[in-house]
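**Student:** Sharing a structure here in structure tokens format.
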Amino acid sequence: MARCVVFDLDGTLTDSLPDLAAALNRSLGGHGQPPLPLDQVRPMVGDGIRALYERGYAARGLMLTEADLAAGTADYTAHATVETVLYPGAMDAVQALAAAGWRIAVCTNKPEAPARVLLAHVGLLPLLAAVGGGDSFAMRKPDPEHVRLTLAAAGGETETAIMVGDHHNDIAAGHGAGAATIFAAWGYGTPEMGTRADAVAERFADVPELCRRFLKVVTL
């Protein structure tokens, strides 16, 4: 069976918060609103760009329009790589997994276009078997079908799949799809979210070994 590790993107592979917050604040600024601080934006991330903008607008007493969302998405896509970086150890871990025979995929609620721009910028796109964005399919996390369809695109099997993410959506979608789950403790989620995962990685260097242990259990 083809083994596959499916990673979330924002808060798992990349620290994207500065660019997400900057785009949101530029949009709010167009309505004469002061910027939201990073700590206030952090818990708004994880459910896709629409939810981020809806929450940001609501925090300033505004209602998001479709025009605001379209302009904000285009603006974010054009500026998605200004300050966003890979988390320490991410590239080494992904390369180690690929070298060990794992297929690598990304399943994110971020729209696919900016996700691919970002993944290319940080050098991960050539290592990926599939990218399942928030608009790639008719559903997105926490719907397990988002993970299943991303796995199918990567040529992976749920029996030997692992979902790695920093948000309860990642853990719920992974479990629902029949995959093992690893909580990324360095991301934007709360520690309580990690209690629902099969394992918790405190740092990226832990991920390859945790994946190896899960595979060993499956193949015994």
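The values are calculated or read from the model by the stated rules, or taken from the named source; none is laboratory data. The structure displayed is predicted, hence computed values, not measured ones. In this analysis, Cβ positions are derived from the backbone assuming ideal geometry, glycine residues included, and neighbour counts consider all displayed protein chains.
**Student:** Can we say Ala98 is under 13 Å from the mean Cα position of the chain (by Cα), closer than 17 Å to Ala153 by Cα and either among the aliphatic types (A, V, I, L, M) or not assigned by TED's automatic domain parsing to the domain that holds Arg203 (or both)?
**Tutor:** no
**Student:** Counting just the residues of region 3-37 that are touching a strand residue (DSSP E or B) at 6+ places or on another chain (Cβ under 6 Å) and assigned to a loop (DSSP other than H, G, I, E, B), which one comes out nearest to Ala185 (Cα to Cα)?
**Tutor:** Residue satisfying both the conditions and the ranking: Thr12.
**Student:** Working only within region 117-141, note down all residues that are more than 16 Å from Val5 (Cα to Cα), over 13 Å from the mean Cα position of the chain (by Cα) and among the aliphatic types (A, V, I, L, M).
**Tutor:** Val117, Ala120, Val122, Ala138, Met139
**Student:** Take the conditions closer than 20 Å to Val117 by Cβ and touching a helix residue (DSSP H, G or I) at 6+ places or on another chain (Cβ under 7 Å) and apply them to Gly46. Does it pass?
**Tutor:** Numbers: closer than 20 Å to Val117 by Cβ: yes; touching a helix residue (DSSP H, G or I) at 6+ places or on another chain (Cβ under 7 Å): yes.
When the stated conditions are applied, Gly46 passes them.
**Student:** Okay, next question. List pairs: first residue in region 163-182 and closer than 16 Å to Ala105 by Cα, second residue part of a helix (DSSP H, G or I) and small (Gly, Ala, Ser) anywhere in the structure, Cβ distance under 8 angstrom, at least six positions apart or on different chains.
**Tutor:** Qualifying pairs under 8 Å: Met163/Ala173; Met163/Gly174; Met163/Ala177; Gly165/Gly174; Ala180/Gly174; Thr181/Gly174.
**Student:** Please find, within region 49-68, the residue that is farthest from the chain's Cα centre (by Cα) out of those that are surrounded by fewer than 20 Cβ atoms within 10 Å (Cβ to Cβ) and under 19 Å from Thr190 (Cβ atoms). Give the steps one after another, and end with the answer.
**Tutor:** First, the residues of region 49-68 that are surrounded by fewer than 20 Cβ atoms within 10 Å (Cβ to Cβ): 50-51, 54-55, 58-68.
Among the residues that remain, those that are also under 19 Å from Thr190 (Cβ atoms) are: 51, 55, 59.
Working: Ala51: 14, Arg55: 18, Ala59: 23 Å.
Among them, the one singled out is Ala59.
**Student:** Select, from Ala184, Ala138, the only residue that is of a type in the set (A, V, I, L, M, F, W, C) and within 20 Å of Leu17 (Cα to Cα). I'd like the intermediate steps shown before the answer.
**Tutor:** Working: Ala138 fails: within 20 Å of Leu17 (Cα to Cα).
When all the criteria are applied, what remains is Ala184.
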